[in-house]
Amino acid sequence: MRIHVLASSSSGNAIVVEIAEHVFLIDAGISCACLEQRLVCCGLRPSALSAVFITHEHQDHVKGLDAFIRRYRIPVFSRPATWEHFPRTDRLPSECVREITESLHLEGIQIDSFSVSHDAADPVGYAFHGEDKTFVVATDFGVVTSTVENAIREADYLVLESNHDPEMLRTGRYPAFLKKRIAGEKGHLSNEDAGRLLAESCLGKPRQVFLAHLSQENNQITLAENCVRQFLQSSGYQLGRDVTLHRTFPNRISSLKTS
Ligand SMILES: [Zn+2]
Ligand SMILES: [Zn+2]
């Protein structure tokens, strides 16, 4: 497997996973031109993508979707309610618009969607099973449910939201309603929640974890890393052996070649 986080922040998200001969894109929250450019930087032709999977209809996950799909005519999967709420579905070639309810198999690879708690129509995370490994994308959720925990326990490779530092959010310049939304049950995961979730879920096998979807306003990568590291170390994990943390960036690719 190869994983490339093309962009990750509250302003734009796109992730690529290469499994066997297949290349999947999860979310298209950066412009079509930027997607093309970053795929090429990873040595990938945009037209070679097998499919696109959309987690939910917020702009930071779909910004470049319609232009990209119109140009390359790649099948794009999401939950039916997400398609109903995506404002530009009629601008997509109808043969490319596909629905995923729970799981599907694409040429020997199983892809599961799992529900998350977020203020969108039917938001999901995804688990990709192939090459005897599991890759999970879990971002954009306000509380950890047993569904999310179960998905993360399976993961060998994980992109996990570590959105905000609660103190930075509390004292920051966002209006009160937005602070409430972000910190709420259908908002975003804090650094502490991400650390606690990893400490409780990462038993049994080594994991590679990308800390993702960091708020550019209410977080810093070093704060997120230190917080998560403390939770893991106080639960007896050895960093670099049991869990390896990887950074992600709003404007830079973060890659991992696993085999
Ligand atoms: Zn969202
Ligand atoms: Zn988001």
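Compared with the alpha-carbon gap, the fully stretched path from Arg73 to Arg91 is longer by 5.3 nm at 0.36 nm per residue.
Can you tell me what the convex hull of the Cα atoms of the range 49-171 projects to on average, as an area in nm²? Could the numbers behind the result be given before it?
On the way: hull surface 34.3 nm².
Hull-based average projected area comes out at 8.6 nm².
Along its principal axes, the range 2-251 has C-alpha extents of 50, 44, 33 angstrom, given from the largest down. In plain terms, the bigger the Kirkwood radius, the slower the diffusion; for the range 154-197, with that radius from Cα pairs, at 20 °C and 1.002 mPa s, Stokes-Einstein puts D at 189 µm²/s. Protection proxy ranking of 162-171, 107-116, by the mean of other Cβ atoms within 10 Å over each peptide's residues and highest first, is 162-171, 107-116.
Scalar couplings 3J(HN,Hα) for the range 42-55, obtained by applying the Karplus form with A = 6.51, B = -1.76, C = 1.60 to θ = phi - 60°, are 8, x, 10, 8, x, 5, 8, 5, 7, 6, 10, 10, 10, 6 Hz; x denotes Gly and Pro. Beta bridges assigned by DSSP with both partners in the range 2-251 are antiparallel in approximately 50 percent of cases.
When each of the peptides 71-79, 48-56 is scored by the mean number of other C-beta atoms lying within 10 Å of its residues, the order from highest to lowest reads 48-56, 71-79.
Peptides 146-158, 172-184 ranked from most to least packed give 146-158, 172-184, packing being the mean of other C-beta atoms within 10 angstrom over each peptide's residues.
222 nm [θ] for the chain, helices only, -39500 (n - 2.57) per DSSP H run of 4+, per residue, to 500? If you can, show how the numbers build up before the last one.
Values: 9 runs with 76 residues, N = 259.
Estimated from H runs of four or more residues: -8000 deg cm²/dmol.
Would you mind telling me the antiparallel percentage of the DSSP bridges in the range 1-133, rounded to 5? Please list the in-between numbers first.
On the way: 21 of 29 bridges.
Restricted to the range 1-133, the bridges split so that about 70 percent are antiparallel.
In order along the range 220-235, the phi-based Karplus estimate (6.51 cos²θ - 1.76 cosθ + 1.60, θ = phi - 60°) of 3J(HN,Hα) comes to 9, 4, 5, 4, 4, 4, 4, 5, 5, 4, 4, 4, 5, 5, 6, 9 Hz; Gly and Pro are listed as x.
None of the figures in this text is laboratory data; all of them are computed from the coordinates on show. Source: prediction; values computed, not measured. Glycine also receives a Cβ, built like all others from the backbone with ideal geometry; neighbour counts cover every protein chain displayed.
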